[in-house]
1. Under 13 Å from the Cβ of PRO115, count the other residues' Cβ atoms, weight Lys and Arg +1, Asp and Glu -1, and hand me the total.
2. Let a ≥ b ≥ c be the square roots of the eigenvalues of the Cα gyration tensor of the chain; is it rounded (a/c under 1.5), or, if not, prolate (a/b larger than b/c) or oblate?
3. Can you pull the percent of the chain's accessible area that's carbon plus sulfur, 1.4 Å probe, other chains left in place?
4. For the stretch 1-56, what does the equivalent ellipsoid look like in terms of its semi-axes, each the square root of 5 times an eigenvalue of the Cα gyration tensor, given largest first in whole Å?
5. Residues with amide H under 5 Å of THR316's amide H, sequence separation 5 or more or different chain, H placed in the peptide plane at 1.01 Å from N; which?
6. Just the number, please: percent antiparallel of the DSSP beta bridges in the chain, rounded to the nearest 5.
7. Can you compute 3J(HN,Hα) from phi for each residue in the stretch 764-777, using the Karplus curve 6.51 cos²θ - 1.76 cosθ + 1.60 with θ = phi - 60°, rounded to whole Hz and x for Gly and Pro?
8. Cα axis of helix 150-176 to longest principal axis of the chain: angle in degrees, 0 to 90, nearest 10?
Amino acid sequence: MDRKSLEVLELPKVLKQLADYTAFSASRELALALSPSSDRSMVERWQELTAEGVALLGTRPDFSIRGAEDIRPLVDRAERGGLLEVGQLAAIARTIESGQFVGNTLVQLNTDRYPELCAFGSAISPLRDLHRTLRSAISDDGQILDSASPELHRLRSEIRTAQLRIQERLQSYLNTHRSALQDAIITMRDDRYVLPVRADARNQLPGIVHDQSASGATVFIEPLAVVELNNAIRTLQIQERHEIERILTELSRQVGHEAAALQRNVISLAAIDLALAKARYAVAHNAVRPILMDETVIELREARHPLLRGTVVPLTLSLGREWTQIVITGPNTGGKTVALRTVGLLTAMALSGLHIPAAEGSVIGAIGGVWADIGDEQSIEQSLSTFSSHLTTIIRMLQGLQTGDLVVLDELGAGTDPVEGSALARAVLSHLQQHGVLTLATTHYAELKAYAQVTPGIQNASMEFNVETLSPTYRLQMGLPGRSNALAIAIQLGLPVAIVHQATALLTPQELEIDSLLAQIIRDRQEAERARSEEQRLERQAAAIVQQLKREHQEWERDREDRLASLIRQEETELEHLRRELNSLRQRAQSLAARQEVQHLQEESAAILREILEQHQHRQPQKVHSRQEDFTPGDFVTIGRLQQTGKVLRVDRDHGVGEIQVGNLTIRTRLSDLTRARRADTTQRNDALEVWQRRERSVTLPPSPDVHTELDLRGCRVAEVKNSLEQFLNDAVRAGLPSARIIHGRGSGAVRQVVHEHLTSHPLVRSFRLGVAGEGGDGVTIVSL
């Protein structure tokens with residue numbers, strides 16, 4: 001790109017503003033060195049980086065590279081074997097930390113959304129070993145830590161001990177020689193501990209004089225008793241300095257060993273910070289990402305010059321599709337030059353990877369280079385007039401121009417004879433058009449207006465001028481040549497009317513006719529624009545009405561669907577309630593059937609027992625009286641008070657008791673209550689058992705139900721809880737479940753209270769407890785059956 005043209009377009013001023021958004025010197029250098037590129041893929045990548053930066057700041061506005069510094073000179077020195085200072089090593093540690101933070105942050109991002117930033121982030125090496133070594137030796141404020149080495153820790157401990165000893169010794173001098181001291185303090189001179197002694201009492205404190213006050217009234221004496229202690233401290237401090245130098249040498253060596261990785265980290269951090277700076281600049285100027293095309297075309301929508309302040313009238317134009325050249329005419333101070341600078345500068349910004357202050361949909365096509373000739377660069381030293389200056393710049397452009405470049409020319413052909421100047425201007429425009437160069441030019445020549453009007457591929461344009469207020473509106477009007485309005489401006493500025501009338505009379509009829517025709521064309525154009533604006537307003541109004549009707553229809557549809565959904569939910573609720581009522585009735589019926597079965601079994605059991613008792617009463621066994629010592633384990637005996645026959649398990653003759661097994665029971669009773677049973681008694685017991693077993697085989701229990709291990713009572717009414725819980729417990733026990741899970745939820749606790757009250761006295765429940773973490777917490781009760 002032509003550097004002189006970029007300076008004329010004021011791109012360096014924009015880059016200086018961009019550099020103010022960078023965080024450290026490496027990225028600032030990149031910002032100031034930005035230059036437009038003709039490489040389409042490179043421009044695409046730059047624009048993508050800026051867009052990713054905008055998106056990242058949108059989600060994480062506080063993201064930055066933190067405390068990174070440009071440590072490349074320090075790394076170069078360390079790589080060559082140089083010694084780095086403590087503060088410089090601390091800067092390297094901070095830069096490594098910045099790289100770790102940025103790298104870790106970008107790694108966590110979506111690589112599909114931030115591909116370019118993530119690529120730079122992945123290139124950052126964490127250098128954990130070097131960072132750990134640096135931080136174990138250097139503090140955040142750039143001081144060597146005691147932990148830097150065992151030797152340094154030992155030396156500093158000894159120094160502190162020696163300093164305490166010498167301070168204690170000097171403190172005793174403060175107490176014993178107070179009258180000779182100027183102040184009762186301990187101070188230092190030449191890194192040695194001294195006392196401030198009055199000059200007239202210096203002989204009272206023998207020692208070495210290190211300094212004297214400005215007035216001469218005080219001398220600073222090192223007492224002889226502490227000279228050796230001071231010497232010891234100085235020796236230790238020298239050793240400490242040598243150890244610190246050794247530590248710094250070793251740390252510098254390790255930094256030099258990682259020089260390549262540190263250099264890459266700085267480059268990656270600078271690129272990331274530049275992308276963030278571009279993003280912040282874009283946000284500050286309401287800039288958008290331009291659409292990049294392979295065609296040689298420029299389409300700007302509501303473009304604004306980024307260096308202008310206050311209210312800026314936006315610029316909209318298209319160049320490269322229907323026409324490749326635009327000739328702008330109009331009065332001075334009407335905004336022609338600003339329009340040229342805006343188009344040229346925004347094109348250069350887009351090709352530098354910057355977003356442009358314009359509306360969405362703005363297009364910057366495949367522009368190879370940007371050339372500009374704006375302003376008067378006449379030079380007395382170089383004997384260049386205004387015309388010569390412009391012509392020199394145009395010659396330099398023509399020597400370097402290529403197809404697809406953009407050229408902006410201010411006051412083309414000015415500064416010389418109007419006839420020759422306009423002819424030269426037309427020739428230059430024709431040459432540029434033939435070579436496929438996009439051109440934007442301003443002029444006051446009527447011949448150029450006519451040339452643009454009749455030449456295909458060239459479009460007239462003008463800066464709008466309000467004749468009533470005699471002031472420019474700074475709006476670009478495509479398709480109309482502009483008027484200079486010199487006579488009207490002269491009257492407005494106070495030139496005598498007689499002179500203006502005389503100037504008007506000097507104009508030829510053709511010039512007056514042309515001027516009148518231009519004025520009529522402008523009026524017709526303005527009237528057509530007003531009609532078109534009114535038509536667009538009506539179209540917008542009609543579109544708004546249509547949209548309102550669509551919204552109302554959509555709201556009606558949503559309301560209808562909501563009402564229908566509400567009715568469906570209500571029907572489903574009622575249906576669910578009916579299902580629960582039906583299930584409750586089924587459970588009650590099953591519970592009633594089970595209770596009837598249990599009652600039937602109880603009646604059968606009672607009948608069997610009565611039959612056994614009747615048989616026992618009709619058969620009176622013959623008692624055989626025996627002494628206590630006659631009973632031995634294995635004998636069959638009859639318990640008198642129970643009239644039950646059993647087998648002797650154990651005999652305790654000392655206490656006169658024995659243990660008798662009757663069925664599955666073990667009974668402890670007195671030996672005096674026992675009688676030896678005859679064979680008939682045993683036969684009677686076996687007969688009764690056979691009767692029971694025969695009756696037992698005739699009883700049929702209902703099949704074990706198929707139940708779940710948990711019961712969900714959420715949503716149940718309190719009145720339904722007991723019935724559901726009772727049926728569930730019966731089914732669970734019959735199914736052989738060892739435990740069950742009752743889900744009652746937290747809520748108000750009413751359901752849980754009913755559940756616990758029912759479980760407390762239930763014969764089928766062994767124990768219960770609230771659930772723990774992982775089981776449902778206090779919204780669940782675990783029951784052991």
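The values are calculated or read from the model by the stated rules, or taken from the named source; none is laboratory data. The model shown is predicted, which means the values in this text are computed figures rather than measured ones. Here Cβ is always computed from backbone atoms with ideal geometry, including for glycine, and neighbour counts include all displayed protein chains. Heads up: the accessible areas ignore ligands, DNA and RNA and are worked out on the full protein's heavy atoms, side chains in. Shrake-Rupley method; radii C 1.70, N 1.55, O 1.52, S 1.80 Å.
1. On the way: positive: ARG45, ARG113; negative: GLU44, GLU48, GLU52, ASP112, GLU116.
Charge balance near PRO115 sits at -3.
2. Since a/c reaches 1.5 but b/c is at least a/b, the shape of the chain is classed as oblate.
3. On the way: 22220 of 43140 Å².
Its accessible area is 51 percent carbon and sulfur atoms.
4. 20, 17, 9
5. Sorted by chain and number, the residues that satisfy this are GLU302, ALA303, LEU476.
6. On the way: 55 of 77 bridges.
Counting DSSP beta bridges with both partners in the chain, the antiparallel share is about 70 percent.
7. 8, 9, 7, 6, 8, 7, 6, x, 10, 4, x, 9, x, x
8. 90
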